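These notes are about the structure you will find just below.
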Amino acid sequence: MGEIGGNMMVIETQKSAIIVDVGMSFPDETMHGVDILIPNFTYIKEIKDKIAGIVITHGHEDHIGAMPYFFKEFQFPIYGTSLPLEMIGSKFDEHKMKDYRKLFRPIKKREQIQIGEFNVEWIHVTHSIIDSCALAIETPIGTLIHTADFKIDHTPIDGYTTDLHRFAHYGAKGVLCLFSD
């Protein structure tokens, strides 16, 4: 949302909240001695009792890289496709946090999952990493579409093109807000 890296967004109602991605970013040339930058988790402390889970769009560092640092303070179920979950699992293993793998909730694309007050569906998109997804998030007041990182590639290396039909489905139903990268 306005910058590259450190992707993390909270969507909330009065009773429930979900977190979309928990990524890291990299320092610039003026930040001597700094290896990585992680999001500020202060607001999460204020709303932690209503967070129903974390939803992951894909496995790039700027979307999952801060997960071990986040999980040292907070633990919530993590929903995502198999590749990003395994990449997070490798980070947890490296940080001696293997027990948190029990919070993984693998999903299938095109299936809605109830997470708190939200119905979330993962929609396949093409990107420079396989197993990437956009999100359709149905809230009590309308549907949000979060594209995450994507590119329209009609000949991807893995043969799976962006699910434009699913975007059309939600477009026909009506979308309250589009968050597009």
*Along Cα→Cβ, 7 Å out, is where each label goes; now give me the distance between the ones at residue 93 and residue 4 in nm to one decimal.*
3.0
*Write down the accessible area per residue of segment 1-111 in Å², having rolled a 1.4 Å probe over the full set of protein chains.*
54
*What residue among 33, 53, 116 shows peak mean-square fluctuation when the chain is described by a Gaussian network model with Cα springs under 10 Å?*
33
*asked:* As an exercise, find the ratio Rg/Rh for the chain from alpha-carbon atoms, using the Kirkwood inverse-distance average for Rh.
replied: 0.96
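Using a 1.4 angstrom probe on heavy atoms only, work out the carbon and sulfur share of the accessible area of the chain in %.
Looking at the chain in its full context, I get 53 percent from C and S.
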*asked:* Given the DSSP H assignment, sum -39500 (n - 2.57) over each helix run of at least 4 residues in the chain and divide by its residue total; what's the result at 222 nm in deg cm²/dmol, nearest 500?
replied: -5500 deg cm²/dmol
*Can you give the relative contact order of segment 97-181 as a percent, counting alpha carbon pairs under 8 Å and 6+ residues apart?*
24
*Looking at the square roots a ≥ b ≥ c of the eigenvalues of the Cα gyration tensor of segment 1-85, which shape do they give, rounded for a/c under 1.5, prolate if a/b is larger than b/c, or oblate?*
prolate
*Gain in length, residue 47 to residue 165, computed as 0.36 nm per residue apart minus the alpha-carbon separation, to one decimal in nm?*
38.9 nm
*Separation between the residue 30 and residue 72 pseudo-spin-labels, each 7 Å from Cα along Cα→Cβ, expressed in nm?*
2.6
_For the full complex of protein chains and a 1.4 angstrom probe, list 181, 49 by accessible area with the highest value first._
49, 181
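Given the Cα-Cα distance of residue 111 and residue 141 and 0.36 nm per residue of separation, how much length would full extension add, in nm?
Length gained between residue 111 and residue 141: 8.8 nm.
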_Give the lysines whose C-alpha is closer than 26 Å to that of residue 45, dropping any in the same chain fewer than 8 places away, or say none._
15, 72, 91, 96, 98, 102
_Span from the segment 119-181 Cα centroid across to the segment 1-34 one, whole angstrom_ = 20
*aspartates and glutamates near residue 173 by alpha-carbon distance under 20 Å, same-chain residues fewer than 8 away left out - which ones?*
111, 117, 121, 138, 163
*Name the shape class, rounded, prolate or oblate, that the alpha-carbon gyration tensor gives for segment 96-181, where a ≥ b ≥ c are the square roots of its eigenvalues, rounded holds for a/c under 1.5, and otherwise prolate holds if a/b is larger than b/c and oblate otherwise.*
oblate
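The values are calculated or read from the model by the stated rules, or taken from the named source; none is laboratory data. A quick note: this is a predicted structure, and the numbers were derived from the prediction, not measured. With ideal geometry, Cβ positions are generated from the backbone for all residues, glycine too; neighbour counts draw on all protein chains shown. Remember, those area values only see protein heavy atoms, side chains included, never the ligands or the DNA or RNA. Shrake-Rupley method; radii C 1.70, N 1.55, O 1.52, S 1.80 Å.
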